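Undergrad: My structure is below; once you've seen it, I'll send some questions.
Where a number appears in this text, it was derived from the coordinates with a stated rule and is not lab data. This structure is a prediction, so every number in the text was calculated from the model and none was measured. Glycine also receives a Cβ, built like all others from the backbone with ideal geometry; neighbour counts cover every protein chain displayed.
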Amino acid sequence: METAFSLPLGLTVTAAALAVLFAAILPTCLYLYVEPRGRRQWAAAGDNPATRRAPLMVRFTAWLSFVVGQLAIPMLLVPVVCGVLVFLQIKLGRPLGLGATITVGVAALVQSLLSLRLIPLGVRLLSRDAKTAKRASGGARWNAMASLVVLGGTLLLSWAMAAIPGFVHPWLRVALVWTALRPVMVYAAVCLGHALLLGRCARALAEPPSKS
């Protein structure tokens, strides 16, 4: 049944590209506002003002922090969608599907709340705040563990819904996969990649600035 609801590949790729471009507008504007104001914090003694910039990895991670933090806001709609699906499943009497839907909703809520903190953290990365290295290191570990748990759980749940007949009502399975499960899986993968980059940035922040 999921195949019947799948979009053509070209349309899917085009929609994904447009969504990425749209999602990058506000984070890029915030980055362009914050980044020049934090350059002095990355300068070494005798450094040329024209070359005062954070390392490329730090700048990219800060921009990605803004992207991931921004996406946490629309991701808060996933628990709402799951709540509607729970109501429908109660009417249909599918207890297994009920637990699966609640699990996806809770995972999306936890992931979103953790990711909202990344926006101010991205600002501190560019500004080289004295406490940012410790915060980035701890945040990277927690975010990586949470993302791994969410990603692993949603992959297992996706397999269970496909392999176990009657696990979720067919129509509700399509709705759950496209409106909640797949968005949560993709978001968890992005958050995991960001956490790995953030861990590397923590080491860069702990080092004294080198002369450009």
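Undergrad: With bins 10 Å wide starting at 0, give me the P(r) of the range 58-212 over every alpha carbon pair, in whole percents.
TA: Going out from 0 Å in 10 Å bins, the range 58-212 shows 11, 38, 25, 15, 8, 2, 0 percent.
Undergrad: Considering Cα pairs under 8 angstrom that are at least six residues apart, work out the relative contact order of the range 20-172 and quote it in whole percent.
TA: Computed value for the range 20-172: 28 percent relative contact order.
Undergrad: Using a cut-off of 11 Å between beta-carbons, work out the net charge of the residues near Val34 (Lys and Arg +1, Asp and Glu -1, Val34 not included). The partial results should precede the final answer.
TA: Numbers: positive: Arg37, Arg39, Arg59, Arg124; negative: Glu35.
Summing Lys and Arg as +1 and Asp and Glu as -1 gives +3.
Undergrad: Just going by the charge dipole of the range 130-212, with Lys and Arg at +1 and Asp and Glu at -1 on Cβ, which of Ala144, Met185, Leu198 is farthest out on the positive end?
TA: Toward the positive end, the furthest listed residue is Leu198.
Undergrad: Here is a further query. Report the full-extension gain for the segment Leu76 to Ile102: residue separation times 0.36 nm, less the Cα-Cα distance, to one decimal in nm.
TA: Numbers: separation 26, 0.36 × 26 = 9.36 nm, distance 1.38 nm.
Additional length available on full extension: 8.0 nm.
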